[in-house]
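Structure first, then comments.
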Amino acid sequence: MNLRKNSISPTDYSILLNRVSIYSNAETNIERTKIRQAFGKHFQMPHSNLSSPILALQNLESLKSSTQTQLIIIDKNHQETFKRDFHTIIKNIIY
């Protein structure tokens, strides 16, 4: 881990991102690829999967049961998505 005060290197997250489930409302393969590329520029994620939409039944089940690091990305319609889906997402993470 980086010991410099107030400085975190992207490699400090490598253990958490070694196995990561990414959830997004990306609708097309192009949108999903852009998300992967954006994170790939900064982080190594050797074992990752990207699922969409966030509220699909199988994805909600995965949110409840997965032992992997879980990353939820809301990359468009931020306020609308947050207001509409936040309670359901949190309920499936916590319970």
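Worth a mention:
- Ellipticity at 222 nm from helices only: DSSP H runs of n ≥ 4 in the chain, each -39500 (n - 2.57), divided by the residue count, give -12500 deg cm²/dmol.
- Principal axis extents of the C-alpha atoms in the chain (largest first, rounded to whole Å): 40, 32, 26.
- Stretching Ser65 away from Glu31 to a fully extended chain increases their span by 9.7 nm, per 0.36 nm per residue minus the current alpha-carbon distance.
- For the chain, the longest principal axis of the Cα atoms and the long axis of helix 29-40 meet at an angle of about 30 degrees.
- Computed extension length for Asn77-Lys91: 3.0 nm, one decimal, from 0.36 nm per residue of separation with the Cα-Cα distance subtracted.
- Maximal additional length on extending the Arg84-Ser51 stretch stands at 10.0 nm, based on 0.36 nm per residue less the C-alpha distance.
Throughout, read-outs are computed from the coordinates displayed, never taken from laboratory work. From a predicted model like this one, the values you see are computed outputs, not experimental measurements.
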